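Chemist: Below is the structure I would like to discuss, written out as structure tokens.
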């Protein structure tokens, strides 16, 4: 991405990062509850279930915000939109390669 494209895509990047953050929070809580359930046979409490639902709602809201920002970017700066998704694809491909290597090491 060029510096100009990064500026043009700033709102979409911010929305993407918020979406990733809310996704990770939701998954972290889900994993923690699942691990505890399997290890100690303790089910989620009402408060944990409520938080789980809240985190999912937060994530869904951020997905919609990212879609809005992405669509706006595509309309106003299609080259920046394409460059942003190319960059995100490259980042995820690199991270996925590390995850696959770690999985194969065990």
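Chemist: Is the range 14-96 rounded, prolate or oblate when judged by the Cα gyration tensor, a ≥ b ≥ c being the square roots of its eigenvalues, rounded requiring a/c under 1.5 and prolate requiring a/b larger than b/c?
Modeler: Numbers: a/c = 6.08, a/b = 2.13, b/c = 2.85.
It comes out oblate by the Cα gyration axes.
Chemist: Considering only 74, 38, 23, give the residue with the highest GNM mean-square fluctuation for the chain, with springs between Cα atoms whenever their separation is below 10 Å.
Modeler: 38
Chemist: Against the longest principal axis of the chain, how steep is helix 10-40, in degrees 0 to 90 to the nearest 10, with axes from Cα atoms?
Modeler: Between the helix axis and the principal axis of the chain, the angle is about 10 degrees.
Chemist: Taking the chain as the reference, fit the longest principal axis to its C-alpha atoms, fit the long axis of helix 46-76 to the helix C-alpha atoms, and give the angle between the two in degrees, 0 to 90, nearest 10.
Modeler: It is inclined by approximately 10 degrees.
Chemist: Now a separate question. Tell me what the chain gives for mean residue ellipticity at 222 nm when only DSSP H runs of n ≥ 4 count, each as -39,500 (n - 2.57), the sum divided by the residue total, rounded to 500 deg cm²/dmol.
Modeler: That calculation yields -32000 deg cm²/dmol at 222 nm.
Chemist: Please determine, in degrees from 0 to 90 and to the nearest 10, the orientation of helix 78-105 with respect to the longest principal axis defined by the Cα atoms of the chain, where the helix direction is its Cα long axis.
Modeler: Tilt of helix 78-105: around 40 degrees.
Chemist: Specify the residue with the greatest mean-square fluctuation among 11, 57, 93, computed from a Gaussian network of the chain linking alpha-carbon atoms under 10 Å apart.
Modeler: So, out of 11, 57, 93, the one fluctuating most is 93.
Chemist: Quick one: compute the contact order of the chain, relative version, from alpha carbon pairs under 8 angstrom and 6+ residues apart, as a percent. Mind showing how you got there, number by number?
Modeler: Working: 61 pairs, mean separation 44.8, N = 106.
Relative contact order for the chain comes out at 42 percent.
Chemist: With a 10 Å cut-off between alpha carbons and a GNM built on the chain, which of 90, 20, 61 moves the most?
Modeler: In this elastic network of the chain, the residue with the biggest mean-square fluctuation among 90, 20, 61 is 90.
A short reminder: the numbers here are calculations on the coordinates, not readings from a lab. Please read these numbers as outputs of a predicted model, since none were measured by experiment.
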